[in-house]
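In what follows, a single structure is set out as structure tokens and then discussed.
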Amino acid sequence: MANAGIQLLGFTLAFLGLIGTIASTAMVEWKASSYAGDNIITAQAMYEGLWKSCVSQSTGQVQCKVYDSLLQLPGMVLGTRGLMICSIMLCLIAMLVNAVGMRCTTCMADQPELKDKVALAGGVIFIIAGLLALVGTSWYGHRIAQDFYNPFTPTNSRYEFGSALFVGWGAAFLTIIGGSFLCCNCSSKDSGKPPHHPPSSSAGQPGRDYV
């Protein structure tokens with residue numbers, strides 16, 4: 001029989017991963033302007049995210065602008081948007097599935113084996129959602145590093161990893177770990193069957209008379 005405590009721990013980790021994925025998707029600091037090399041301009045800092053870009057002045061004033069055209073956005077931004085949104089949607093679906101399959105809920109309590117299979121399906125969905133978020137953040141981070149080390153990129157146009165990337169990476173790993181706990185905690189097929197005892201060696205043998 002599945003352990004309700006381990007299931008609850010996995011669900012909690014996956015839920016925290018969902019919160020982190022939502023926060024990462026909404027954050028604007030996916031990449032931040034770099035001051036490495038000859039770029040010594042520190043009067044303002046530029047940030048770019050999936051939905052808008054911001055400029056922070058040294059005085060503390062921040063100005064943000066939402067991207068005007070969807071078609072003019074780079075394919076990297078559009079692809080990462082889709083991966084993160086799909087990850088969030090799959091996490092929500094997995095939460096609904098696990099609400100039925102977890103041992104701490106009363107749904108399908110009279111069918112423990114089927115209930116464990118539902119929890120297993122929810123864990124698999126959580127793992128897929130975490131992988132989508134991991135692919136999206138890693139893809140975006142790879143492009144940032146590629147442009148940073150490109151010698152043809154102007155110094156004042158180089159960016160570094162923003163805080164949203166680190167939040168997204170952490171959230172993806174939490175979701176994958178939580179889903180793994182839910183998957184590894186399924187009951188075995190023979191958990192509900194009584195133990196099998198071999199028949200006695202004397203069974204079925206005719207009685208013998210001894211003098």
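The values are calculated or read from the model by the stated rules, or taken from the named source; none is laboratory data. Just so you know, these numbers come straight off a predicted model, no measurement behind them. Quick reminder, even Gly has a Cβ in these numbers, built from the backbone with ideal geometry, and neighbours come from all protein chains shown. These area figures cover heavy atoms from the full protein model, side chains too; ligands, DNA and RNA do not enter into them. Shrake-Rupley method; radii C 1.70, N 1.55, O 1.52, S 1.80 Å.
Assorted remarks:
- Separation of the range 137-164 from the range 52-84 is 15 Å, based on Cα centroids.
- For the range 1-101, the fraction of C-alpha pairs more than 22 angstrom apart is 51%.
- The phi torsions of the range 84-95, fed into the Karplus equation with coefficients 6.51, -1.76 and 1.60 and a -60° offset, translate into couplings of 5, 5, 4, 5, 5, 5, 5, 4, 5, 5, 5, 5 Hz, rounded to whole numbers, with Gly and Pro shown as x.
- Heavy-atom accessible area ranking, 1.4 Å probe, most first, across Y149, Y47, Y159: Y149, Y47, Y159
- FRET efficiency for the pair L96 and S163, taken as 1/(1 + (r/R0)^6) with r the Cβ-Cβ distance and R0 = 25 Å, rounds to 0.25.
- Using a Förster distance of 22 Å, the FRET efficiency for Q111-L8 (Cβ separation, nearest 0.05): 0.65
- Cβ-defined net charge surrounding R103, 11 Å radius [Lys, Arg +1; Asp, Glu -1]: 0
- Spin-label model distance (nm) - Q61 vs A26, 7 Å beyond Cα toward Cβ: 2.7 nm
- Apolar share of the accessible surface for the range 7-98: 69 percent from carbon plus sulfur atoms, 1.4 Å probe.
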